[in-house]
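For reference, the structure is listed below as structure tokens.
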Amino acid sequence: MITFDTPYTGQIKQSISKSKIIIKLEDATIESPKIKKVSSQYLHSLTITPLNSETLIVASISPSTKLIASKTSDGYGLRLRFTNKTAVKSSTFKKASSSSVNSLSALPTKKDDAMSSSYYIVVAILILGILILLYIKKKMKPLPANTETSNNNWLFKTQKNPLYKMTTLI
């Protein structure tokens with residue numbers, strides 16, 4: 001998975017040989033070269049290098065490997081999948097001996113559901129939690145005490161027969 005700082009709208013160029021797949025991302029930059037060794041039956045190493053205003057992705061592969069690329073629906077990510085050629089019938093990139101140019105918008109994307117099922121689950125859990133908290137609050141409510149003591153204020157204790165009466169002078 002390759003992620004971008006901003007949605008990527010540039011062009012992708014690909015060239016295929018028996019042991020390497022080279023992908024050029026136009027108008028994409030990277031700070032420094034990255035080399036990743038992978039122990040997979042399809043992919044041996046992945047090198048990402050900056051080149052002027054392009055970024056080269058060189059994948060060292062086994063001869064029976066096929067690349068499937070797709071972008072995320074928001075354009076911030078590019079997923080590269082390396083699989084067996086016989087396992088996958090359809091091709092994302094057109095196979096050519098030299099190179100082919102594809103727009104990123106032509107890559108398949110994940111369907112963008114307006115409301116996913118996980119959203120409904122989260123809302124249901126929140127509503128259930130609120131109902132449980134209201135039930136607990138109702139159970140924890142103190143029982144009303146005697147009417148005499150319930151009228152007493154916690155700060156000032158009042159008495160039935162005060163010793164002193166207050167009068168106002170006008």
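The values are calculated or read from the model by the stated rules, or taken from the named source; none is laboratory data. For clarity, every value in this text was computed on a predicted model and none was experimentally measured. Note that each Cβ is placed from the backbone with ideal geometry, even for glycine, and that neighbours are counted across all protein chains shown. Calculation scope for accessible area: heavy atoms of the full protein, side chains included, ligands and nucleic acids excluded. Shrake-Rupley method; radii C 1.70, N 1.55, O 1.52, S 1.80 Å.
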Could you give the Stokes-Einstein D for the range 1-42 in µm² per second, using the C-alpha Kirkwood radius, 10 °C, 1.306 mPa s?
-> 124
Give me the accessible area per residue for the range 1-66, probe 1.4 Å, as a whole number in Å².
-> 62
Once the other residues with Cβ under 9 Å from the Cβ of Leu46 are scored (Lys, Arg +1; Asp, Glu -1), what is the net sum?
-> +3
Listed here are the pairs Lys18/Lys71; Lys37/Lys71; Lys34/Lys85; Lys18/Lys85; Lys24/Lys71; which of them are more than 19 Å apart at the Cα?
-> Lys18/Lys71; Lys37/Lys71; Lys34/Lys85
